[in-house]
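A short write-up of the structure that comes next.
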């Protein structure tokens, strides 16, 4: 893989031309910190909502206690986040930074409602172990993506194709119900989202140099970056839980 030209030294944004490197580094650190703060706060909100629902009768709103089947509200919380991702992904230029932030918090809360059902399937110990394993892996992979001088853009397309392949395989396995295929999907899923964590971290870093100096653009891209890392985290967590979690 070819060595990557660090934007800090090449200067891809007119806003950073002539700016001392120390000042650029401070701006980058502040930007990345805001991205990670959003992402971590989203994960925290998801966890709080999931536990509140799981430890109360609210969980009955998404899972029928008599039949164990998903309720209509569960399907709302399943598909509403997809609409939010679509709005943020394709309509970010038409909404304000404040609206983007609000949509991110709503998204994280809806995922929390979904995740409350995990406590009905897996033991609390398994969920905690998967979470801390994901957190440790995420920190290491994100740090690698942020600090490496190697260009990870070449694996981006491959990883996205991997995500599509996983989705197709999951739909197929809904009919096949193959334990072996389920195991393979989970293992590949962990690897794909581990790679995406490093890739997205580097991409977010590069985006900073394209929007530096534009307050509104920086605020919006920080939310989008946080959403990407959030998705990497929760998907890696889910696949790890499916792979190693103990069922009730």
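Numbers for the structure displayed
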item: Boolean, residue 88 is at pLDDT 90 or above and within 23 Å of residue 134 (Cβ to Cβ); result: yes
item: Residues satisfying the stated conditions in the range 59-73, i.e. in contact with a helix residue (DSSP H, G or I) (Cβ under 7 Å, 6 or more places away or on another chain) and not in a loop (DSSP other than H, G, I, E, B); result: 59, 61, 63, 73
item: Residue match in the range 214-225 (condition: part of a loop (DSSP other than H, G, I, E, B), on the phi < 0 side of the Ramachandran plot, surrounded by fewer than 21 Cβ atoms within 10 Å (Cβ to Cβ) and touching a residue at least 24 places away in the same chain (Cβ under 8 Å)); result: yes
item: Which numbered condition residue 51 fails, given (1) closer than 22 Å to residue 223 by Cβ; (2) under 20 Å from the mean Cα position of the chain (by Cα); (3) surrounded by fewer than 17 Cβ atoms within 10 Å (Cβ to Cβ); result: (1)
item: Selection within the range 86-96 - within 19 Å of residue 108 (Cα to Cα) and either surrounded by 14 or more Cβ atoms within 10 Å (Cβ to Cβ) or more than 14 Å from the chain's Cα centre (by Cα) (or both); result: 86, 87, 88, 90, 91, 92, 95, 96
item: The range 1-47, subset at pLDDT 65 or above, under 18 Å from residue 201 (Cβ atoms) and exposed (fewer than 15 other Cβ atoms within 10 Å of the Cβ), residue farthest from the chain's Cα centre (by Cα); result: 25
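The values are calculated or read from the model by the stated rules, or taken from the named source; none is laboratory data. The model shown is predicted, which means the values in this text are computed figures rather than measured ones. Don't worry about glycine lacking a Cβ; one is built from the backbone with ideal geometry, like all the others, and counts go over all protein chains shown.
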